[in-house]
């Protein structure tokens, strides 16, 4: 069956699968569906990234347990829908982190021969996948494998064929995900417990090694424990009770299981073995597998239910809650149950402690990919419905400043990765502070952000560049970053850097203004206009400059390849619109509202034949690219130029054409950066956005046409005074995409935006839609 046929099959079969694939767990399908019932984890899983798919996981859980059908590579690895052979069930699917693979088998122990020798086919026909639970039948062995978890403990239930000897293989030293293990260890602690660790070797992105510790406990006594270790060019089995080395692994054998399933709990920690054991004893002190599944399901339902939608189609509800599931799944807990975590920014690992209140950690520390582009998705959505998560992410990034000297971007394994470019933390910090989320180290946040914004700070590290470069010296002295700066990092594209730095300067100015620091506000506000150095009025586009100030020759707005010179993973046609801090001035530079609208609309028309995306790695090619971050705000810009009806049209169309698929072959288009595309999908579906990313001292929400009849947002009273904010939509349909009128708390609203301060009070936003534009509304 080819790609088109598979996609057509899924389009026809999806409703059946949604209704009946979960039937084994309980009779709740006979009841009214709750938010978690709509989640389909396998959407767009045919080309997963290592961190993309995690089924048996809690919201932001440390454990991200799922079957791995391919184990090598950051891309096209983990759970791949069309690869129906399970090689292991591993516990960590995270940004540059992997670890602790488990595989049940029968018969002779063959773990020393590698995962290819022990893999088993499975069928999607007998598979059940839902948030917090995954079931597959390993056809080769006749084993029913079921997975669930708490936040820091993975739980396995294996039902073996009667009379067979059961083996549990832990290939802790195997190559997994992003790279090889530098070292591993495994040992028998007791007849029911195994412990050890795996040291992940450095990668191009994570420059230092990272150790994950584990404790595995069984509900039955092992009849035999052993393992394998490297002996010359071969791996050989051994009866040793403790093994340590580069390619070691271990196994447990159970010869008399009878009819009872074998249960296994695997707890993790990035601190040490005792911390892993503490996580296990604290979070999972029983053996009731079904109880854990039920509790996981309830937690997902509680978190997903913070935004409730009514109306729309079944497909739209499935995609909405799967999008929101991605938002809550993509980034993972790094600290232990008592708040300890490892900081690897120094010469030696340092165990740190989160502040406690009555013995309970006040926050969670997270491992995270970069927040490059999150001003157009996660920053907005977290601040609306998950302000505590936003606060903890700010604290995580700021927390590296006292030890490492910089506020982090994309920390992995307790260390900087310098992923992408610029200072990705400051838009998040400014948005949090200016929306009243302020329970983090405020002085360190401002001080560290200022350091990041000056020569020697994090902006002087291009993508994955560990050594300080001189991008900021050029930026401060010239007002722009020129092309041709030598270095070992990626993404050394001066025009894009200048545009990023200018927006980030504005975010820093807004943080300083909110905190009452006028001199810092004025300095960085003035610098936020540096985008003007990049605009070539004769060409009509942002254009790279050389060190002498001359324009880059042989320039065109679009091209071929990963990116055009000067633009990070993109081109001039897209980055010309990256002035979110000052749209009125950009509109003026482009020639006024009419010229701006006509130019931008033509780009969308040119991009429509390719569904507004390019294949990942070909970002220079298209006029609009909703496969990657720099383009994600473009459909919302028409509102700022007096044509909100075009924003309404293009947002609805992109929501359907780019992000509407709910089969394993579409829906996220290959680059779902840990919930960013999911968050954008949620915002488009509920009709709220903010081009400025929420960082303004007076943050606001821009209104587009929602796809649902009613959206109810539960407000967090730890931060906001209101109970809930409701968006009620009249005359909603596929054809009625245009806003006719809006009322906010009973009062007519003719602006396309309203203040954040109104949303957090709670209230009612009423939107009436129709089939033709009302060009008088919002203009």
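Just so it is clear, none of the values below were taken in a lab; they were calculated from the coordinates. Predicted model only: the values in this text are computed from it and were never measured. Glycine also receives a Cβ, built like all others from the backbone with ideal geometry; neighbour counts cover every protein chain displayed.
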- [ ] Evaluate the Kirkwood expression for the hydrodynamic radius of region 48-204, namely the inverse of the mean inverse distance over all pairs of different C-alpha atoms, and round to one decimal in Å.
- [x] 15.7
- [ ] Taking every Cα atom in region 435-572, find the radius of gyration and the maximum pairwise distance Dmax, and write them in Å.
- [x] 15.9, 50
Open item on the list: Quick check: the distance between the Cα centres of region 513-579 and region 680-726, to the nearest angstrom?
Closed with: 29
- [ ] Find the Rg to Rh ratio for region 686-778, where Rh is the Kirkwood radius over alpha-carbon pairs and Rg uses the same atoms.
- [x] 0.97
- [ ] Please list 281-294, 502-515, 174-187, 531-544 highest first by mean number of surrounding beta-carbon atoms within 10 Å per residue.
- [x] 502-515, 174-187, 531-544, 281-294
Task: Percent of alpha-carbon pairs separated by more than 17 Å within region 606-711 - done: 53
Task: Computed P(r) (all Cα pairs; region 494-607; 5 Å bins; percent) - done: 2, 12, 20, 21, 19, 13, 8, 4, 1, 0
TODO: In whole angstrom, note down how far apart the Cα centers of region 134-158 and region 427-494 are.
DONE: 44
TODO: Any chance you could give the angle, 0 to 90 degrees and rounded to 10, that helix 289-304 forms with the longest Cα principal axis of the chain?
DONE: 0
TODO: Give me the Debye-computed log₁₀ of I(q)/I(0) at q = 0.17, 0.18 Å⁻¹ for region 389-496, equal point scatterers on Cα only, no solvent, two decimals.
DONE: -0.76, -0.84
Task: Listed peptides 472-479, 415-422, 361-368, 228-235 by packing density, highest first (mean Cβ within 10 Å) - done: 415-422, 361-368, 472-479, 228-235
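Region 339-439: D in µm²/s via Stokes-Einstein (Kirkwood Rh, Cα pairs, 4 °C, 1.567 mPa s)?
In µm²/s, the coefficient rounds to 93.
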- [ ] Round to the nearest 0.05 the FRET efficiency obtained for residue 750 and residue 556 when R0 = 35 Å and r is the Cβ-Cβ distance.
- [x] 0.30
Task: Using alpha-carbon coordinates, inclination of helix 494-514 to the longest axis of the chain, degrees - done: 90
Open item on the list: Can you tell me the orientation of helix 676-686 relative to the chain, as the angle in degrees between its alpha-carbon axis and the longest Cα principal axis, to the nearest 10?
Closed with: 60
TODO: Give the Kirkwood hydrodynamic radius (Å, one decimal) of region 3-304, defined as one over the mean of 1/r across all pairs of different Cα atoms.
DONE: 19.4
TODO: Grab the beta carbon distance between residue 33 and residue 477, set R0 = 41 Å, and tell me the FRET efficiency rounded to 0.05.
DONE: 0.10
- [ ] With no solvent and one equal point scatterer per Cα, compute the Debye intensity ratio I(q)/I(0) for the chain at 0.11 Å⁻¹ and report its log10, rounded to two decimals.
- [x] -1.22
